[in-house]
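Notes follow once the structure below has been shown.
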Amino acid sequence: QVQLVESGGGLVQAGGSLRLSCAASGNIFSIDVMGWYRQAPGMQRELVASVITNGGMTTYVDSVKGRFTISRDNVGNTVYLQMNSLKAEDTAVYYCNAQIRTTRFIAEPYWGRGTQVTVSV
């Protein structure tokens, strides 16, 4: 069994910062990719940022470039999302996602339960 547990959401004023954390645990052989998605009310879930284990390449949605930073603790199987200069439009439920191998040959996507981020103006 694999679990992703998020923490760090909350209420912040526009211009402020928050740091999200997501720890993966359980029957993990390796992790290929970890990332963060978000879903605002009435909107589709979108990829915010991701980081590949092999090589550390990161990707970001255009709307957060220069403001958000994703990082990884490979030893602890933890991914972080540092969010600076937050805007009202960043308000959403943020979900941790990981492509996890439970064996060398089986890779599946796993999701956390989500953490609410609310940015007030």
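What are the chymotrypsin sites (Phe, Trp or Tyr not before Pro) within segment 62-113 that DSSP puts in a loop, where the Cβ has at most 14 other Cβ atoms within 10 Å? The qualifying sites are 105. Checking the a/c ratio against 1.5 first, then a/b against b/c, what shape does the Cα gyration tensor give for the chain? In terms of gyration-tensor shape, prolate.
If I take every Cα pair under 8 Å that is 6 or more residues apart in the chain, average their sequence separation and divide by the length, what percent do I get for the relative contact order? All intermediate terms of the calculation are to be shown ahead of the outcome.
On the way: 307 pairs, mean separation 43.8, N = 121.
Relative contact order for the chain comes out at 36 percent.
With a Förster radius of 30 Å, plug the Cβ-Cβ distance of residue 19 and residue 47 into 1/(1 + (r/R0)^6) and report the FRET value to the nearest 0.05. With a Förster radius of 30 Å, E is 0.95. A simple spin-label model places pseudo-atoms 7 Å from Cα toward Cβ; at residue 65 and residue 113 they are separated by 3.6 nm.
Which residues among segment 77-121 fall inside the zone where the amide N is under 18 Å from a point 7 Å beyond the Cα of residue 5, along Cα→Cβ? Output list for this probe position: 77-81, 95-98, 110-116.
Only four residue types carry charge here, +1 at the Cβ of Lys and Arg and -1 at the Cβ of Asp and Glu. Report the dipole size of the chain about the Cα centre in Debye, rounded to the nearest 20.
Working: 10 positive and 8 negative charges, 16 e Å.
In debye, rounded to 20, the chain gives about 80.
Hey, got a sec? Which trypsin sites (Lys or Arg not before Pro) in segment 6-99 land in a DSSP loop and have at most 11 other Cβ atoms within 10 Å? Filter output for segment 6-99: 65.
Only the coordinates and a few stated rules stand behind these numbers; no lab work does. What you see is a predicted model, and the numbers here were worked out from it, not measured in a lab. Ideal geometry is used to build each Cβ from the backbone, glycine not excepted, and the neighbour counts take in all protein chains shown.
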